[in-house]
Amino acid sequence: MTRIYVAGHRGMVGGAILRRLEARQAAGEDLELVTRTSAELDLTDQAAVRAFFQAEKPDQVILAAARVGGIVANNSYPAQFIYENLMIECNVIHAAYEAGVTKLLQLGSSCIYPKMAPQPMAEDALLTGVLEPTNEPYAIAKIAGIKLCESYNRQYGVDYRSVMPTNLYGPGDNFHPENSHVLPALIRRFHEAARDGAEEVTIWGSGTPRREFLHVDDMAEASLFVMDLDADIYQRETEPMLSHINVGCGEDVSILELAQLVAEVTGFKGEILTDPSKPDGTPRKLMDVSRLARLGWEASIGLEEGVRSTYAWFIEQASVRN
């Protein structure tokens, strides 16, 4: 039996990974899944994390726990974003090593790359330029997570891997009007505008920045695909100090195009305005996913299909709350 600890199983990505692992269990794989809520285990508490690992002794770890948010949240809580994410990574990775865990997967973010990185962003763009200021604290923490994994691999001979997803969305996302990422924020805003019969919706920024979006179910599949790769195959495609793998769909859209799609899906018929006085963030963020493609994986859920299913989930959750 393989005991797998999924850190962050109540988050969007961790939840999707847990569903995939539960499906494997149901199909007959000999797995034991270990989870803890944040109330049960504070991952920023080093002593608590060490005690947990020593007691549970998992065989594998999937580190999907993180403090996340959009531009507003990153700008408003930079200290919390860098501190909490650094502590989570340091505590979990070190305690895993101490407990004898030889296989770990750490999930990062595409914001690790420089603001003006060549597009599409390949893995070797890491640490080649200045980061986007609005999310620099979070990006620094995620870069540190990659380097933690690589350093433990080099010194201790473990197999700790990192995957860097593009912008994710899907069931379990955060639709908070201020602290959410762009796609769920747009879904909520356009849903409310359509419901209230609003004549116009104003989106942040100029609408020209381009972003890539990956459905969380695709991300879950990619994560387990990378986790399951034979060590020799993984090492052949990566380098000891450049070992992370990008995960994305390889296509991007402008924020205005995204808003138009969300308007169509939600049934909003009014005018879409832009507000260039608000920050745009990075001009373009498109992942080079050729490394993952060579390994044999590519995304399968298209953006329109994904947005429609995510909106249906959002409506379903709203009806449950009401």
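Residue-by-condition table, conditions (1) aromatic (F, W, Y); (2) out of contact with any Ser or Thr (no Cβ under 6 Å at 6 or more places or on another chain); (3) within 20 Å of A64 (Cβ to Cβ):
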position: A95; (1), (2), (3): no, yes, yes
position: T102; (1), (2), (3): no, yes, yes
position: Q106; (1), (2), (3): no, no, yes
position: S110; (1), (2), (3): no, no, yes
position: K115; (1), (2), (3): no, no, no
position: M121; (1), (2), (3): no, yes, no
position: L126; (1), (2), (3): no, yes, no
position: G129; (1), (2), (3): no, yes, no
position: P133; (1), (2), (3): no, yes, no
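Test G248 against the criterion of being at pLDDT 95 or above and not hydrophobic (A, V, I, L, M, F, W, C), and give yes or no. The answer is yes for G248. Scanning the range 211-232 for residues that are part of a helix (DSSP H, G or I) and surrounded by 13 or more Cβ atoms within 10 Å (Cβ to Cβ) yields V216, D217, D218, M219, A220, E221, A222, S223, L224, F225, V226, M227. Please determine whether any residue of the range 187-201 is out of contact with any Phe, Trp or Tyr (no Cβ under 8 Å at 6 or more places or on another chain), within 20 Å of G281 (Cα to Cα) and either in contact (Cβ under 8 Å) with a residue 40 or more places away in the chain or of a type in the set (D, E) (or both). No, the conditions are met nowhere in the range 187-201. Residue under question is L183, and the condition is that it be in contact with a strand residue (DSSP E or B) (Cβ under 6 Å, 6 or more places away or on another chain) and over 30 Å from A231 (Cβ atoms); does it hold? When the stated conditions are applied, L183 passes them. The condition of being of a type in the set (S, T, N, Q) and at pLDDT 95 or above does not hold for S277. Condition check for K115 on (1) modelled with pLDDT of 95 or more; (2) surrounded by fewer than 21 Cβ atoms within 10 Å (Cβ to Cβ); (3) out of contact with any Phe, Trp or Tyr (no Cβ under 9 Å at 6 or more places or on another chain): one failure, at (1). Quick one: is P240 surrounded by fewer than 20 Cβ atoms within 10 Å (Cβ to Cβ) and in contact with a Ser or Thr (Cβ under 8 Å, 6 or more places away or on another chain)? Criteria not met by P240. Per this entry, Y77 is counted among residues that are aromatic (F, W, Y), surrounded by fewer than 19 Cβ atoms within 10 Å (Cβ to Cβ) and within 30 Å of F213 (Cβ to Cβ).
Just checking, which of V163, V265, V247, V182 is surrounded by 15 or more Cβ atoms within 10 Å (Cβ to Cβ), more than 23 Å from A64 (Cα to Cα) and in contact with a helix residue (DSSP H, G or I) (Cβ under 9 Å, 6 or more places away or on another chain)? Sole residue among the options that is surrounded by 15 or more Cβ atoms within 10 Å (Cβ to Cβ), more than 23 Å from A64 (Cα to Cα) and in contact with a helix residue (DSSP H, G or I) (Cβ under 9 Å, 6 or more places away or on another chain): V265.
T208 meets the conditions (1) surrounded by 21 or more Cβ atoms within 10 Å (Cβ to Cβ); (2) of a type in the set (S, T, N, Q); (3) not in a helix (DSSP H, G or I) in every case but one. The failed one is (1).
Could you list, in sequence order, the residues of the range 21-56 that are of a type in the set (V, I, T) and either farther than 15 Å from Y5 by Cα or surrounded by 15 or more Cβ atoms within 10 Å (Cβ to Cβ) (or both)? Passing the criteria: V34, T35, T44, V49. Residues that are among the β-branched types (V, I, T) and under 24 Å from the mean Cα position of the chain (by Cα) were ranked within the range 1-20; the one that is surrounded by the fewest Cβ atoms within 10 Å (Cβ to Cβ) is I4.
Just one of the listed residues (V72, V49, V61) is β-branched (V, I, T), outside any helix (DSSP H, G or I) and either touching a residue at least 24 places away in the same chain (Cβ under 8 Å) or in contact with a helix residue (DSSP H, G or I) (Cβ under 6 Å, 6 or more places away or on another chain) (or both), namely V61.
The values are calculated or read from the model by the stated rules, or taken from the named source; none is laboratory data. Note that this is a predicted model, so its numbers are computed, not measured. Heads up, the Cβs are rebuilt from the backbone with ideal geometry, glycines too, and the neighbour counts pull from every protein chain shown.
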